[in-house]
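Structure, as structure tokens:
The values are calculated or read from the model by the stated rules, or taken from the named source; none is laboratory data. All values derive from a computational prediction rather than experimental measurement. Cβ atoms come from the backbone with ideal geometry, glycine included; neighbour counts cover every protein chain shown. We work out accessible area using only protein heavy atoms, side chains counted, and drop any ligands, DNA or RNA first. Shrake-Rupley method; radii C 1.70, N 1.55, O 1.52, S 1.80 Å.
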Amino acid sequence: MTTRKIRVLIVDDSMVIRQILHDIISEAPDMEVVGMACDGLQALEKIPKLQPDVVTLDIQMPRMDGLATLDAILQRHPLPVVMISSLTQRGAEITLQALDQGAIDYIPKPESAGQLTEVREELVRKVRLAAGADVQRILRIRRERKQRQASLPKLSVIKCPPDAAAELLTDKCIAIGISTGGPPALSVLFQQLQPPMPPIVVVQHMPPHFTKPLSWRLDSISALSIKEAADGDLLRPNHVLIAPGGFHLELRKIGPQVKVRIFDGPPVSGHKPSVDVMMQSAAKIFGPRCVGVIMTGMGRDGADGCKAIRAAGGYVFGQDEASSDVYGMNKVAFQEGGVDRQFGLDEGARVLTEYVRKHFLKTPTPSAVG
């Protein structure tokens, strides 16, 4: 018996890009392109007739742009949508908004023939994984999350100056690894986290040009200071450094200080930046003063890093299945013994705060965060 192929509808106003995506998808033995559309309105006409399993959706199109088309698709025909984003700051900002609205994933639009090999592998992998996604469940999780967020009291986003408590956290670290479903999840976490917090380092799987707008977006809603990491940046309490897309980040101890090293190199655990690279370096430097956090995402990057943190005497939290868009990286880490405790996304800020207060600050834990 032959296995049914994944049916893909390509939506892009560029005939060249449509053909490139068509050729890549058609070469995959388990996929077929059932149709192409040059804009959102045409896509909405074709979806009921073609019954695709996955839609690839351009962001900037005439008549009906990508965000409006995404909303219409999710309302009328809840399907997995993979955004095709231009490698620009504007493209990245709109992509982040699309992920908030319910897109499953995204890939950068190929801008040259030299990028085709990398895009080919990423497109096929993400379409294949998107086809298996429970879109109704993901949309329900995000809708319920937004409702809960709206019901919470609005937290202060005033950046707090260092205080005595923060100084006690200089030699501690929180290392966060996250991938698919990450930007919306990080928004929930950092909107709730309040100082004092140890230095926080984040690896979010993203290509170049995407992590800077992500850091701006998160910084605007958080009482912590959040930026894209640059080579030589110093780890400081109440500050969050996000690994730049397309580069690895590792921590290095220079005298009494810990700084980040940003470098190029082959992918590790299938990714660049790699969670494993960052976490393993954090484990070596901070040992029992390191907290690992592994969250939603596809694959297994971070599983070895979580085990390294635990082996060094640190503690690891893993996001649970119920609150994850994709229970992948965190599932592998949990199953392989790299996670001490699982948590729901909405309680992430609370459990981290309680741990920091109890183990790093040696103060009574609050009954709630927020």
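Take the alpha carbon gyration tensor of the range 248-370, find the square roots of its eigenvalues, order them as a ≥ b ≥ c, and report rounded if a/c is under 1.5; if not, report prolate when a/b exceeds b/c, else oblate.
Since a/c reaches 1.5 but b/c is at least a/b, the shape of the range 248-370 is classed as oblate.
Viscosity 1.306 mPa s, temperature 10 °C: give me the Stokes-Einstein translational D for the range 185-326 in µm²/s, with Rh taken as the Kirkwood radius over C-alpha pairs.
Reported coefficient: 105 µm²/s.
For residue 126, give me every one of the lysines with a C-alpha distance below 29 angstrom, ignoring sequence neighbours fewer than eight places off in its own chain.
By straight Cα distance, residue 126 reaches 5, 46, 49, 109, 146, 212, 227, 272, 307, 331.
Please get the size of the charge dipole for the chain, origin at its Cα centre, with Cβ charges of +1 on Lys and Arg and -1 on Asp and Glu, quoted in debye to the nearest 20.
With only Lys, Arg, Asp and Glu charged at Cβ, the dipole is about 920 debye.
What distance in nm separates the two pseudo spin-label positions at residue 227 and residue 252, each 7 Å out from Cα along the beta-carbon direction?
Here the answer is 1.9 nm between the modelled labels.
Give me the percent of accessible area attributable to carbon and sulfur for the range 54-98, probe 1.4 angstrom.
Of all accessible area on the range 54-98, carbon and sulfur atoms account for 45 percent.
For the range 239-370, what is the accessible area per residue in Å², given a 1.4 Å probe and the full set of protein chains?
Per-residue value: 39 Å².
May I ask which residue of 292, 9, 108 lies farthest towards the positive end of the charge dipole of the chain, with charges of +1 (Lys, Arg) and -1 (Asp, Glu) on Cβ and the Cα centre as origin?
292
In nm, to one decimal, how far is the residue 45 label point from the residue 32 one, both placed 7 Å along Cα→Cβ?
Result: 2.3 nm between the two label points.
Once you sort the root eigenvalues of the Cα gyration tensor of the range 207-251 as a ≥ b ≥ c, which label holds: rounded (a/c under 1.5), prolate (a/b larger than b/c) or oblate (the other case)?
oblate
Over the range 34-135, with the other protein chains present, what is the accessible area per residue in square angstrom, probe 1.4 angstrom?
Counting only protein heavy atoms, the per-residue value for the range 34-135 is 41 Å².
So, with a 1.4 angstrom probe, what is the percent of accessible area on the range 193-332 that is carbon and sulfur?
Here carbon and sulfur together make up 53 percent of the probe-accessible area.
Work from the charge dipole of the chain (Cβ charges, +1 for Lys and Arg, -1 for Asp and Glu, about the Cα centre) and give the residue of 277, 206, 257 farthest towards its positive end.
257
Once you wrap a convex hull around the alpha carbon atoms of the chain, what is its projected area averaged over all directions, in nm²?
18.6 nm²
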